[in-house]
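In what follows, a structure is listed as structure tokens, so that the remarks can point back to it.
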Amino acid sequence: DDFDALPELAEEEETAQRLDELCAAGKTPAGRATVRAYVAGLAVSLEREAAQRAPVAVCSDLADRIRATVVGLDFVAADDPLDILSPVGCPAYVDLVIAGFSPDYDGADVIWRDTQFKFEFLFDSGLFLWLYGNVAESFRGRRIGTRLFEAVEALAVDLGFRRFCVPGPNKPYWERVMGYAVDPRHIVGGERGCIHEAYKALSSSG
């Protein structure tokens, strides 16, 4: 019942905050059941990864292909901030800010403000992750996010990825538009409550 160390497992601020909230809830009798359910959901993900892990061959020109894919979209400029870490090897982490659709962008990483996308290619397990995606409020409804998601996922499929995951989705968009599914065991509390992840797996033929 001691969950205080859980936030240390988080890789970004939003997840750490969510785990802090869970730890606070875990200090109450009713909250302990919620935290146990959250940990049980993590176990579901770990069991799936152990069973379905399928490494993908590393792409030596990955950085060039990522850059060509995103800049090939008519709303992404060649000089938009684009960070690609570890382009040779795994994992490969990508952080893109579309400055032309981010009126308040000032170089700082501010959650839910700019049109920004973060994703990761886990070649060693064959899992593609959407870590973060947001379109600045004044530009929503133009399919900017959907077109970028589709283009990057098409690249991932071409590289050999067949499994996709969105940790902590906060909207049913991923299920309704992008074809992901949420395992009921990944929903903690309420109708949607805290959701571990949305996930989809494609057939080997695509």
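The values are calculated or read from the model by the stated rules, or taken from the named source; none is laboratory data. If you're wondering where the values come from, they're calculated on a predicted model, not measured in any experiment. Cβ coordinates were reconstructed from backbone atoms using ideal geometry, including for glycine residues, and neighbour counts include every protein chain displayed.
For this structure, a couple of remarks:
- Top-ranked residue in segment 92-111 [being in contact with a Ser or Thr (Cβ under 8 Å, 6 or more places away or on another chain) and over 19 Å from SER138 (Cβ atoms); ranked as surrounded by the fewest Cβ atoms within 10 Å (Cβ to Cβ)]: TYR93
- Filter pass, GLY160 being at pLDDT 95 or above, small (Gly, Ala, Ser) and either in contact with a Lys or Arg (Cβ under 8 Å, 6 or more places away or on another chain) or more than 17 Å from SER203 (Cα to Cα) (or both): no
Table: residues versus (1) touching a helix residue (DSSP H, G or I) at 6+ places or on another chain (Cβ under 9 Å); (2) aliphatic (A, V, I, L, M); (3) within 25 Å of VAL58 (Cβ to Cβ); (4) assigned to a loop (DSSP other than H, G, I, E, B).
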site: ALA77; (1), (2), (3), (4): yes, yes, no, yes
site: PRO103; (1), (2), (3), (4): yes, no, no, yes
site: GLY107; (1), (2), (3), (4): no, no, no, yes
site: ILE111; (1), (2), (3), (4): yes, yes, no, yes
site: ASP114; (1), (2), (3), (4): yes, no, no, yes
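- The residues of segment 80-101 that are in contact with a helix residue (DSSP H, G or I) (Cβ under 8 Å, 6 or more places away or on another chain) and either in a loop (DSSP other than H, G, I, E, B) or more than 12 Å from LEU155 (Cβ to Cβ) (or both), listed by number, are ASP80, PRO81, LEU82, ILE84, PRO87, VAL88, LEU96, ILE98, PHE101.
- Of all residues in segment 29-87, those satisfying the criterion of being more than 19 Å from PHE164 (Cα to Cα), surrounded by fewer than 16 Cβ atoms within 10 Å (Cβ to Cβ) and in contact (Cβ under 8 Å) with a residue 60 or more places away in the chain are ALA40, GLY72, LEU73.
- Condition broken by GLY133, with the remaining ones in (1) in contact with a helix residue (DSSP H, G or I) (Cβ under 9 Å, 6 or more places away or on another chain); (2) more than 22 Å from SER45 (Cβ to Cβ) satisfied: (2)
- ILE144 of a type in the set (A, V, I, L, M), touching a residue at least 40 places away in the same chain (Cβ under 8 Å) and within 23 Å of TYR173 (Cα to Cα): yes
- Enumeration of residues in segment 151-180 that are part of a helix (DSSP H, G or I) and within 14 Å of the chain's Cα centre (by Cα): VAL152, GLU153, ALA156, TYR173, TRP174, GLU175
- Just so you know, in segment 116-127 the residues that are part of a loop (DSSP other than H, G, I, E, B) and either of a type in the set (A, V, I, L, M) or out of contact with any Cys (no Cβ under 6 Å at 6 or more places or on another chain) (or both) include one that is surrounded by the fewest Cβ atoms within 10 Å (Cβ to Cβ), and it is SER125.
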